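Inspection log for the structure reproduced underneath, given as structure tokens.
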Amino acid sequence: MCFMRRAKESIRVLFAERRWERRTCSVKHPHADSHNPVKRFWLFAVLAATVLLRLPGIEWGLPPTTPEVAASGLRSSYAFDERLILEAVAKADMKRLDFDPRDQHWGTLHLDLVLLALDGAEAAGFFRSPWRMAYHDMIQGDFVRVYVVGRTVAVFAALFTVWLLFRFSCGAFAAMLVAVSPSHVLQSDQVRVDVTMTALVILTLLFGLRIHESDKNLSATDATAWPQFLALGIAAGLAISAKYSALTAVAAIALAASWLKRFPLRGILAVAGGGLLGFLASWPYFLSRLFAPREISKGLRGYVEAYGNAPPPQFLISAGKLLELHGLNIVRFSMGLPAFLLAAGGIAWMLRRRSRSDWTILAAIGGSLVILFPLHWPLVRYDLPLTALLGLCAGTALERFSKRWRCWLTAVALVMPLAGSIAQIKFMTSTHPANLALQRVLEIVPPGNVIARLVPEEPPLDEKIYPMAQNIVLDDLTANPPAWVLMTDLPDVPYPEATLVLLRSSYEEVADFGSDRIFAWSTFGEAGAPQDWKYTHPHFVLYRKRS
């Protein structure tokens, strides 16, 4: 009897395995879950978790609205690029139907969405004064609201990403992972383009899978298949207009979709036309700029100079080391080790199974990896698309397990990223160390004294009163030692040894500013953390030269 039971169980597992092998990561019908209360519950629960993890820290990293800070002329948060985006958005005006931010550095789709949000909030009476005045004049209360409204756009993009991932048959785990991912939580609370770009890359992938999600789809030679390719192209164009670095990921998805359909001519033309249409839909003034190309070339040239040229020798990272750092960052700050191991297992199985949808997802991962090399820097925001795509691979691996094991593995895989997000929220809701340093400098440093520091924005000191002097990373402090030095752990490279020796021999430590860490195990500590992860909790030490 025991032998018969084992044989019966083996046959059941065998048939279950064969059924699983036929399943692929496909796109669900829009109304597939409408009559399933359990799946609807999980969808709304994950969307609610996405919001609840992003709202507490949405006001993080803003300098105090004091006369001293206002006199500095700096309006930056401690995620420095936010200032550049808001200043660009302020140049446009929805009332005049002027959606041109005069800045083509990142792409303009997200900037236009921020413009719509801010001008709409102003029209609805959310600000006590015009938001541009509130921003430039640093009006108390409204200055913070400007950043909150701008960051809310990224929160909605995060919600859209989670909803899209639930449209994949293997996407429930990926949606949960993105909802609790520490790096995604951090980037969603910034006026940045990366979260919107990630959502549109996932939308492009969804349209790519729809083209060949089953053998019942239209053949490559069927003339009526071109609308599917057109939708793919439009989504790809929107992704590129959100951030240019989406190009390689969406191009890989389009190439995979075309290759698996044997490169239909009408399909290729539809993808190309849709890409142009999607790009111009979010950048309509591009056509008017064709007669004044200097501004466009200036913006694109700035992008190439920022990302296309190699960094200075002291910052240059080899290709292998760069890929290693990105892998470590994904494990530590985006997914957690258990989820990453599940994703690796899913990739291995997808390579073995080799379905059309598998190839398309793997192509998207490959395209997202390729762009990391010209971007040069191992920043966590560059890993956002990979987090969602690897989440799909992890979801594919989870489908191999029984329902009971799947639930336990899902819970275990989400513990580390959830703990990392809670730790990050604690940093965001605490007083920022740069504000503590600012207060202390104003208390003890006499006006007119030179302070060597990393950047003028952190903390925002009036350079007419506290000249910046040397840069603590790029300059040699031994040539002309300043009276005061404000050190920080933000740089990704070590400080010059001569600077460290000088501080030990000729300076005394006056003050130390930092944040208490919780759940350090969730990211394997802070050693080697990338710069944009530490934006919420840098460590500062103020030194005074001995007399």
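Just give me the residues in segment 158-172 being in a helix (DSSP H, G or I) and open to solvent by less than 10 Å² (accessible area, probe 1.4 Å), in sequence order.
Across segment 158-172, the qualifying residues are 158, 161, 162, 164, 165.
Going by the structure shown, is residue 145 touching a Phe, Trp or Tyr at 6+ places or on another chain (Cβ under 7 Å), assigned to a helix (DSSP H, G or I) and in contact (Cβ under 8 Å) with a residue 12 or more places away in the chain?
yes
For segment 403-459, which positions are of a type in the set (Val, Ile, Thr) and in a loop (DSSP other than H, G, I, E, B)?
Answer for segment 403-459, where residues must be of a type in the set (Val, Ile, Thr) and in a loop (DSSP other than H, G, I, E, B): 431, 445, 450, 455.
Do we have residue 116 as hydrophobic (A, V, I, L, M, F, W, C) and touching a Pro at 6+ places or on another chain (Cβ under 7 Å) here?
So residue 116 fails the test.
Among the candidates 55, 86, which residue alone is buried (at least 21 other Cβ atoms within 10 Å of the Cβ), touching a residue at least 40 places away in the same chain (Cβ under 8 Å) and under 29 Å from residue 425 (Cβ atoms)?
86
Residues that are under 30 Å from residue 458 (Cβ atoms), free of Cβ contacts under 8 Å to residues at least 60 places away in the same chain and among the charged types (D, E, K, R): does segment 395-405 have at least one?
Checked against the condition, which is being under 30 Å from residue 458 (Cβ atoms), free of Cβ contacts under 8 Å to residues at least 60 places away in the same chain and among the charged types (D, E, K, R), segment 395-405 yields no hits at all.
Mind counting the residues in segment 475-510 that are aromatic (Phe, Trp, Tyr) and over 18 Å from residue 434 (Cα atoms)?
Count: 2.
Just the residues that are touching a helix residue (DSSP H, G or I) at 6+ places or on another chain (Cβ under 7 Å) and hydrophobic (A, V, I, L, M, F, W, C), please, taken from segment 452-481.
Scanning segment 452-481 gives 461, 472, 477.
When both residues are 6+ apart or on different chains and their Cβ atoms are under 8 Å apart, which pairs have a first residue that lies in segment 167-190 and is in contact (Cβ under 8 Å) with a residue 12 or more places away in the chain and among the small types (Gly, Ala, Ser), and a second that is open to solvent by less than 10 Å² (accessible area, probe 1.4 Å) and not in a helix (DSSP H, G or I)?
169/25; 171/25; 174/168
If you scan segment 90-119, which residues turn out to be closer than 18 Å to residue 131 by Cα, open to solvent by 40 Å² or more (accessible area, probe 1.4 Å) and either in contact (Cβ under 8 Å) with a residue 24 or more places away in the chain or assigned to a loop (DSSP other than H, G, I, E, B) (or both)?
91, 94, 95, 97, 99, 113
So is residue 148 under 22 Å from residue 56 (Cα atoms), in contact with an Asp or Glu (Cβ under 9 Å, 6 or more places away or on another chain) and open to solvent by 10 Å² or more (accessible area, probe 1.4 Å) or not?
Against the criterion (under 22 Å from residue 56 (Cα atoms), in contact with an Asp or Glu (Cβ under 9 Å, 6 or more places away or on another chain) and open to solvent by 10 Å² or more (accessible area, probe 1.4 Å)), residue 148 qualifies.
Can you tell me which residues in segment 259-285 are surrounded by 20 or more Cβ atoms within 10 Å (Cβ to Cβ) and in a helix (DSSP H, G or I)?
If the condition is that a residue be surrounded by 20 or more Cβ atoms within 10 Å (Cβ to Cβ) and in a helix (DSSP H, G or I), then 267, 270, 271, 274, 275, 278, 279 are the ones that fit.
Could you tell me whether segment 485-496 includes any residue that is of a type in the set (S, T, N, Q), within 29 Å of residue 333 (Cα to Cα) and not in a loop (DSSP other than H, G, I, E, B)?
Yes.
Taking segment 450-482 on its own, how many of its residues are open to solvent by 40 Å² or more (accessible area, probe 1.4 Å) and either of a type in the set (Asp, Glu) or out of contact with any Pro (no Cβ under 7 Å at 6 or more places or on another chain) (or both)?
Adding up the residues that qualify gives 10.
The values are calculated or read from the model by the stated rules, or taken from the named source; none is laboratory data. What you see is a predicted model; the values in this text were computed from it and never measured. Cβ coordinates were reconstructed from backbone atoms using ideal geometry, including for glycine residues, and neighbour counts include every protein chain displayed. Note: accessible area is taken over every heavy atom of the protein model, side chains too, but ligands, DNA and RNA are not part of it. Shrake-Rupley method; radii C 1.70, N 1.55, O 1.52, S 1.80 Å.
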